[in-house]
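The values are calculated or read from the model by the stated rules, or taken from the named source; none is laboratory data. Please read all numbers here as calculations on a predicted model, not as lab measurements. In this analysis, Cβ positions are derived from the backbone assuming ideal geometry, glycine residues included, and neighbour counts consider all displayed protein chains.
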Amino acid sequence: MKLPDEGILLRVFIGESDRHEGQALYHAIVQKARALNLAGATVVRGIEGFGAASRIHTARILRLSEDLPVVIEIVDTEEKIMELMPFLDETVKEGLVTMEKVRIIRYRHGREEGDHA
């Protein structure tokens, strides 16, 4: 897949315990992004944070949280990102969704196009 030089970075900030149809919401978002053939998605688990309710979520050893912050990052074209938005509108009940323009320097996988390994 070839991406243009300019794209959109979508970030979805949710809690690790957020669910959708019995599965982790972050997993459901990644699966939907894959089904829509977006360029890729990365889930990052935070060690501490707080959101709109100002409640601290932390992984400190004395207070093991079951709801650590999770960020899903997806970079693709604006058109492709917009295909995911109805799903996010439906499933993200609490959290934050941001978009920003990014410059794409390089996007490639282990085998270059034309390799026949």
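Of note:
- All positions within the stretch 82-110 that are in contact (Cβ under 8 Å) with a residue 60 or more places away in the chain and not in a loop (DSSP other than H, G, I, E, B): L84, L88, T91, L96, V97, T98, M99, E100, K101, V102, R103
- Cross-chain or 6+ apart pairs with Cβ under 7 Å, the stretch 9-26 first and touching a residue at least 40 places away in the same chain (Cβ under 8 Å), then buried (at least 18 other Cβ atoms within 10 Å of the Cβ) and of a type in the set (S, T, Y): I14/Y26; H20/T91; L25/T91
- Each residue in the stretch 44-79 was checked for being within 20 Å of T98 (Cα to Cα), at pLDDT below 85 and hydroxyl-bearing (S, T, Y), and 1 of them qualify.
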